[in-house]
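First up is the structure itself, then whatever we jot down about it.
The values are calculated or read from the model by the stated rules, or taken from the named source; none is laboratory data. Quick caveat: nothing in here was measured; it's all calculated off a predicted structure. Here the Cβ is made from the backbone with ideal geometry for all residues, glycine too, and neighbour counts use every protein chain on show.
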Amino acid sequence: MPEQEGKQLLHLVFGGELKSLNSNEFRDLRSLDIVGIFPNYAAALEAWRAKAQASVDNAHMRYFVVHLHRLLDPDATASDAAH
């Protein structure tokens, strides 16, 4: 895969079935769907949308985008972490 130009801002997309619609606690951590790690927010959002649409019939299924770059570099400026 060719290297992306610009600063790499890693994002994780994952999801699973929630215990309740009112919480972010998963029913079974062993069955989490780790979609992948993406080089930028746009790519992560595209993957998130695809998974969210595919699971639309299950109200308890939720997918999330985690801004890994913010965890890896918490001192980054707000402009670097815009997404």
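The single condition among (1) loosely packed, with under 10 Cβ neighbours inside 10 Å; (2) modelled with pLDDT of 95 or more; (3) small (Gly, Ala, Ser) that Ala54 does not satisfy is (1).
His69 meets each of the listed conditions (1) at pLDDT 95 or above; (2) surrounded by 10 or more Cβ atoms within 10 Å (Cβ to Cβ) apart from (1). In the stretch 23-78, of all residues being of a type in the set (Gly, Ala, Ser) and closer than 16 Å to Lys7 by Cβ, the one that is nearest to the chain's Cα centre (by Cα) corresponds to Ala44. With a requirement of 2 or more residues that are in contact (Cβ under 8 Å) with a residue 40 or more places away in the chain, the strands (runs of 3 or more DSSP E) lying completely within the stretch 10-83 that satisfy it span 11-17, 61-66.
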